[in-house]
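Structure, as structure tokens:
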Amino acid sequence: MATQTKSSPVTESIDAATERVVELNDKAVANGKKAGAAILDTYEKAVVSFTESYEKAAGTTKVEWVVSAAAAQADFTRDVAKAYTSAARDLVS
């Protein structure tokens, strides 16, 4: 003999609230991922812009060792920023 369980209004209300919380949580996670990706994109663009300006400023000195040192430092900074943002994107996605 199979038994049937009747759901009470309280149980239905709890189930409905749980579903709404799950939906809101999913939306919050998705929005957080979007915001994180946008922040990382902005950070990466800012680093690239800064390093380009740094290299241009060093280039105006017309001193070869300053230009070379600035270029090396700018390349290193871009590489570190690229590695950082890549690792962070892996965590965000």
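Looking at region 59-73, which of the residues that are under 30 Å from the mean Cα position of the chain (by Cα) and of a type in the set (A, V, I, L, M, F, W, C) is surrounded by the fewest Cβ atoms within 10 Å (Cβ to Cβ)? For region 59-73, the residue satisfying everything is Ala72.
Look through region 74-93, keep the residues that are in a helix (DSSP H, G or I) and polar (S, T, N, Q), and return whichever of them is surrounded by the most Cβ atoms within 10 Å (Cβ to Cβ). Step through it out loud before you land on a result.
Let us first name the residues in region 74-93 that are in a helix (DSSP H, G or I), namely 74-92.
Now restrict to residues that are polar (S, T, N, Q): 77, 85-86.
Working: Thr77: 15, Thr85: 18, Ser86: 11.
Per the stated criteria, the residue is Thr85.
Of the residues contained in region 32-48, one or more are found to be touching a helix residue (DSSP H, G or I) at 6+ places or on another chain (Cβ under 7 Å), among the small types (Gly, Ala, Ser) and not in a loop (DSSP other than H, G, I, E, B). Set side by side, the residues Ala88, Ala71 differ, and just one is hydrophobic (A, V, I, L, M, F, W, C) and free of Cβ contacts under 8 Å to residues at least 40 places away in the same chain, which is Ala71. Evaluation of Lys6 against the conditions (1) modelled with pLDDT under 95; (2) part of a helix (DSSP H, G or I); (3) of a type in the set (D, E, K, R) shows that the sole unmet condition is (2).
Please state which one of Asp79, Asp26, Asp15 is of a type in the set (Asp, Glu), more than 30 Å from Asp90 (Cβ to Cβ) and without any contact (Cβ under 8 Å) to a residue 60 or more places away in the chain.
Numbers: Asp79 fails: more than 30 Å from Asp90 (Cβ to Cβ); Asp26 fails: more than 30 Å from Asp90 (Cβ to Cβ).
Going through Asp79, Asp26, Asp15 in turn, the sole match is Asp15.
State all residues of region 33-58 that are free of Cβ contacts under 8 Å to residues at least 40 places away in the same chain, loosely packed, with under 15 Cβ neighbours inside 10 Å and not charged (D, E, K, R); if no residue qualifies, say none. Selection gives Ala35, Ala38, Ile39, Thr42, Ala46, Ser49, Phe50, Ser53, Ala57.
The values are calculated or read from the model by the stated rules, or taken from the named source; none is laboratory data. None of these values were measured; they are calculated from a predicted model. Glycine gets a Cβ as well: all are built from the backbone with ideal geometry, and neighbour counts include every protein chain shown.
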